[in-house]
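The values are calculated or read from the model by the stated rules, or taken from the named source; none is laboratory data. Predicted, not measured: the structure shown is a model, and the values here were computed from it. When we count neighbours, we look across all protein chains shown, and the Cβ atoms used for this are built from the backbone with ideal geometry, even at glycine. These area figures cover heavy atoms from the full protein model, side chains too; ligands, DNA and RNA do not enter into them. Shrake-Rupley method; radii C 1.70, N 1.55, O 1.52, S 1.80 Å.
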Amino acid sequence: MNLSGRDAVRAARRVVVKIGTNALTHATGRFNRAHFDALSEDLLWAAQGRELVVVSSGAIALGVERLGLPARPKDIPGKQACAAVGQSRLMRAYEEAFDRANRRVAQLLLTHGDVQDRRRYLNVKHALEHLLEAQVVPIINENDTVSVDELKFGDNDTLAGLVAGGVEADALIILSDVEGLFTADPRKNPDARMLPQVDAVTPELLALAGGSGSQVGTGGMTTKVRAAARAAESGVRCVITSGAVPGRLRSVLSGEPVGTLFESSGSRRSARTAWIAHALKPKGRLLVDAGAREAVTAGKRSLLPSGIRSVEGDFGRGDPVDLVDAQGQVFARGLSAYDDGELRRIAGLKSSDIESVLGYRYLDEAVHRDDLAVL
């Protein structure tokens, strides 16, 4: 029987739970052990009869506490130092919590480089599959100690969305300091109402998502909605709700109408297409004409050099690039068959002219359809 909505979330057998910094800390940024203990009980309940993956923040907050700092550092070295001190303490807290139910946990620290490279991405995916088969609960966090801007996910919402799609989860639950997605900022507009369900993430919907709800976390509502959209495209339903309310995770997995449910697209991308769409950071942009956009989106065809109007960025063969239409909207992402210099020379030309201009021809296509993901 095909289930939908809350019924499908209740029936989920493989669940990814993202726990944000704001769900684990006081307003001051200090680690809130009472909240952690309550969440741990909910996680243990959720793990009964389900495969569970946890994407958890909190390492920096524990580092701040351990180092006796007055507040969370704002500089990168300071944050990295706190993460280095706090990560082992975070894992010890999870180990002690899950030991009460004789459940094992495992630590995975990831950077964006671990998913940007196809081989490493598959290694992570396979490692997670083996852990779940062994009934181990993976505890995943960004490796803040070594991450730099080009290797960072930016927030654990993005990481959780990638993990949910990668392990082909049935549901993604994002626990934060917000009750769900509202029609306006409820802190400023008393008439704002929470949306119980979202069937499709549109630009208008993203406009409803404001900035971060506090000074502690790094991911605002926009990152959560984008993570939900990524999950939905991978066939994974997502619920965004408050992690500060005891028992909220149980309510979500019991099918109760709490938080905002983001319905899935009903189908899953292939693993390779999902990797292109969501795991890669583009190194350039190809501005294309209306005909090329139509061919790629509706015709499921490759991007030919003739459809390219201009090339932006510095990239090589096989690097990820975004395809952008005349209105400036990114509508697809793919792996370029030529470097940026080559594409600048052949942009707007027929495929039959490539060899006469470059002196060689790798492919007739600028981006082959097998290397394209429509966003």
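Taking the chain as a Gaussian network, where each spring joins two C-alpha atoms under 10 Å apart, which residue of ASN189, ASN32, ASN123 fluctuates the most?
ASN189
When the chain is modelled as a GNM with alpha-carbon springs shorter than 10 Å, which of SER251, SER356, SER302 fluctuates the most?
In this elastic network of the chain, the residue with the biggest mean-square fluctuation among SER251, SER356, SER302 is SER356.
Pairs of Cα atoms under 8 Å, at least six residues apart: use those to get the relative contact order of the stretch 1-134, whole percent. Walk me through the numbers on the way to the answer.
Working: 133 pairs, mean separation 27.5, N = 134.
It comes to 21 percent, rounded to a whole number.
Could you work out the helix-only [θ] at 222 nm for the chain, with each DSSP H run of four or more residues adding -39,500 (n - 2.57) and the total divided by the number of residues, to the nearest 500 deg cm²/dmol?
On the way: 15 runs with 137 residues, N = 375.
My calculation for the chain gives -10500 deg cm²/dmol from helical runs alone.
What ranking do 292-298, 7-13, 70-76, 347-353 get when scored by the average of other Cβ atoms within 10 Å per residue, highest first?
Values: 292-298: 18.3, 7-13: 15.7, 70-76: 11.7, 347-353: 13.9.
So the order, starting with the most tightly packed, is 292-298, 7-13, 347-353, 70-76.
Once you place label points 7 Å from the Cα toward the Cβ at GLN329 and ARG250, how far apart are they in nm?
4.5
Using a 10 Å cut-off on Cβ atoms, rank the peptides 200-207, 106-113 from the highest mean neighbour count down. Can you show the working numbers first?
Working: 200-207: 11.4, 106-113: 18.5.
Those peptides, ordered most packed to least, come out 106-113, 200-207.
Which is the longest run of the chain containing none of the chymotrypsin sites (Phe, Trp or Tyr not before Pro) found in DSSP loop states (not H, G, I, E, B) with at most 16 other C-beta atoms within 10 Å?
Numbers: sites that count: TYR360, TYR362.
Looking at the chain, 1-359 is the longest stretch - no exposed chymotrypsin sites (Phe, Trp or Tyr not before Pro) with at most 16 other Cβ atoms within 10 Å.
So for ASP42, ASP170, ASP114, what's the accessible-area order with a 1.4 Å probe, most first?
On the way: ASP42 10, ASP170 55, ASP114 30 Å².
Heavy-atom accessible area, descending, gives ASP170, ASP114, ASP42.
Can you work out the FRET efficiency for the pair ARG100 and ALA134, with r the C-beta to C-beta distance and R0 = 30 Å, to the nearest 0.05?
Working: r = 19 Å, r/R0 = 0.64.
Step by step, r from the Cβ atoms, then E = 0.95.
Hey, what's the per residue convex hull volume over the C-alpha atoms of the stretch 228-314, in cubic angstrom?
Numbers: hull volume 12.9 nm³, N = 87.
Normalising the Cα hull of the stretch 228-314 by residue number yields 149 Å³.
What helices does the chain have that are whole DSSP H segments, at least 27 Å long along their own axis by Cα, and with mean Kyte-Doolittle hydropathy of -1.0 or more? Write out the running numbers ahead of the final one.
On the way: long enough: 76-99 (33 Å, -0.26).
Passing helices, by number: 76-99.
Using a Gaussian network model of the chain with C-alpha springs under 10 Å, which one of ARG333, ARG317, ARG237 is most mobile by mean-square fluctuation?
It is ARG317.
Could you grab the relative contact order for the stretch 33-88? Cα pairs under 8 Å, six or more apart, rounded to a whole percent. Please list the in-between numbers first.
Values: 46 pairs, mean separation 20.2, N = 56.
For the stretch 33-88, the relative contact order is 36 percent.
I want the antiparallel fraction of DSSP beta bridges within the chain, as a percent rounded to 5.
On the way: 19 of 50 bridges.
Of all bridge pairs located within the chain, approximately 40 percent are antiparallel.
Take the Cα atoms of the stretch 1-66, build their convex hull, and give its volume per residue in Å³.
Numbers: hull volume 6.1 nm³, N = 66.
Hull volume over Cα atoms, normalised by residue count, gives 92 Å³.
For the stretch 283-337, give me the percentage of DSSP beta bridges that are antiparallel, rounded to the nearest 5 percent.
Given both bridge residues lie in the stretch 283-337, the antiparallel proportion sits at roughly 70 percent.
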